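Enquirer: Sharing a structure here in structure tokens format.
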Amino acid sequence: MDHVAVPFVPRRQGPSSPASHPDACPSPASLVPASTPSPAAGDVPQRPTTLPMTIRVDGVQPNRVDPDILGVVYRTTALALGMLSHEHSIKQLVCIGATAIHVWGTRTAKDIIYPTTPCCRGDGCRYMKPSDHEMERWVRFFLDKVRHCSPPHDVRHIDPDSDGEVYGQFDPCNWVHDAEDRCTSAGKELTDENVMLHWDPLGAGVISTQAETVSHVAKLRSQQLAAEGVQDAEAAQRHAVDYRTYLVDGACTLAHELVHCFMRFLAGNVAVFTPRRLMPKGYDDDDFPGMGESGRTWEKLTLGGCVTMGKPRKEGSRPRLWIDQGNREAEVDPDDIRNMVVGKLQFPLKTIGKWYKVHSKRRP
């Protein structure tokens, strides 16, 4: 889950794997509608996945998705997938995945789905740490599957928790049982590897994003297009800058949640938590002591820090994206934001201006 304290506190997130037993998770069949409803005509870009996306609003699949909302979901999904698929990101996902498998073999007696290699060193570790080549195969498999067919996407109001506003979350499903059925139907032996090869993102779980944020991004896009329509260049530029800022923040949130989905892909139906070593320095979570946070770790390793939204503090000021490194933060270069929106990705993100102490009142 993606928790953001209002208005200037970094994202706070729950564990990569749920605290409850996997049997408490809903079945995939109860969560997955057949296909994405046809949108009305409007400012809708090309679909970011090969197959139609499953999109719901407040848990219900509408007969028609509002084209403005659909445009935001498509654009944030396309950008999130581009970020995750960048070679720099893939290297970090390899590191995160291999570390998790190795530590799970030491700290838990439960059997994960990942096809591990037994460890015979006698030091209490049951699994060998996967090689980079081995883990990269699964990272690329996961990303290929998600680019083909995204997990269901639910645009809904998410209640704030004790830490503040929640921007997004991933609710996993017990995907292994359905994968075993597909494996059997295909005449394949029920090995861990074959079951993983029959993983389907549609049955992996549901990614939820905050409806208020999605609506705000859609509103900014509409304002930009309206200003362009009456040739108000100044207003169009202002709305475009704000729109890009919120869009990139939404894409970072979605990429973060897909990292949680990746961790569940590696674990299967076993309720294991992200290892403590996968928690960036300075991001200890009092609600989940001793646990890591794979989404934050991916942001720190790939983007250079956790991306946070700095909402306007006064009338006339603009929103800003910040890179938070646990004890200090700096503004993301607007040129980097502009480049990301048009697909020119370069990591880690560049910053401008001075670094501030986190939560500093002197920060713009």
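Enquirer: Between rounded, prolate and oblate, where does the stretch 125-205 land on the alpha carbon gyration tensor, with a ≥ b ≥ c its root eigenvalues, rounded for a/c under 1.5, else prolate if a/b exceeds b/c?
Expert: On the way: a/c = 2.23, a/b = 1.58, b/c = 1.41.
Prolate, because a/c is 1.5 or more and a/b exceeds b/c.
Enquirer: Another question about this same structure. Quick one: what are the phi-derived ³J(HN,Hα) couplings along the stretch 130-142, Karplus 6.51/-1.76/1.60 with θ = phi - 60°, whole Hz, x for glycine and proline?
Expert: 3J(HN,Hα) across the stretch 130-142, in whole Hz: x, 6, 4, 5, 5, 5, 4, 4, 6, 4, 5, 4, 4.
Enquirer: Rounded, prolate or oblate for the stretch 288-364? Axes are the square roots of the Cα gyration tensor eigenvalues, ordered a ≥ b ≥ c, and the cut-off for rounded is a/c under 1.5. If you can, show how the numbers build up before the last one.
Expert: Details: a/c = 1.96, a/b = 1.14, b/c = 1.72.
Oblate, since a/c reaches 1.5 and b/c is not below a/b.
Enquirer: Per-residue HN-Hα couplings for the stretch 293-307, Karplus 6.51 cos²θ - 1.76 cosθ + 1.60 at θ = phi - 60°, whole Hz, x for Gly and Pro?
Expert: Working through the residues one at a time gives 8, 5, x, 5, 4, 4, 4, 5, 6, 8, 8, x, x, 7, 7 Hz.
Enquirer: Let me ask another. Test of understanding: ordering His256, His86, His102 by Cβ neighbours within 10 Å, fewest first, what list do you get? Intermediate results must be reported in sequence, preceding the final value.
Expert: Details: His256 30, His86 15, His102 20.
Least to most surrounded, the residues fall as His86, His102, His256.
Enquirer: Okay, next question. Using modelled backbone amide H atoms (1.01 Å from N, in-plane), which distant-in-sequence or interchain residues come within less than 5 Å of Gly205's amide H?
Expert: The answer is Cys173.
Enquirer: Sticking with this structure for a sec: Over the stretch 193-334, calculate the relative contact order: mean separation of alpha carbon pairs under 8 Å at least 6 apart, over the residue count, as a percent. It would help to have the intermediate numbers written out before the result.
Expert: Details: 144 pairs, mean separation 24.0, N = 142.
The value is 17 percent.
Here, each number is a calculation from the coordinates, and none is a lab measurement. A quick note: this is a predicted structure, and the numbers were derived from the prediction, not measured. Cβ atoms come from the backbone with ideal geometry, glycine included; neighbour counts cover every protein chain shown.
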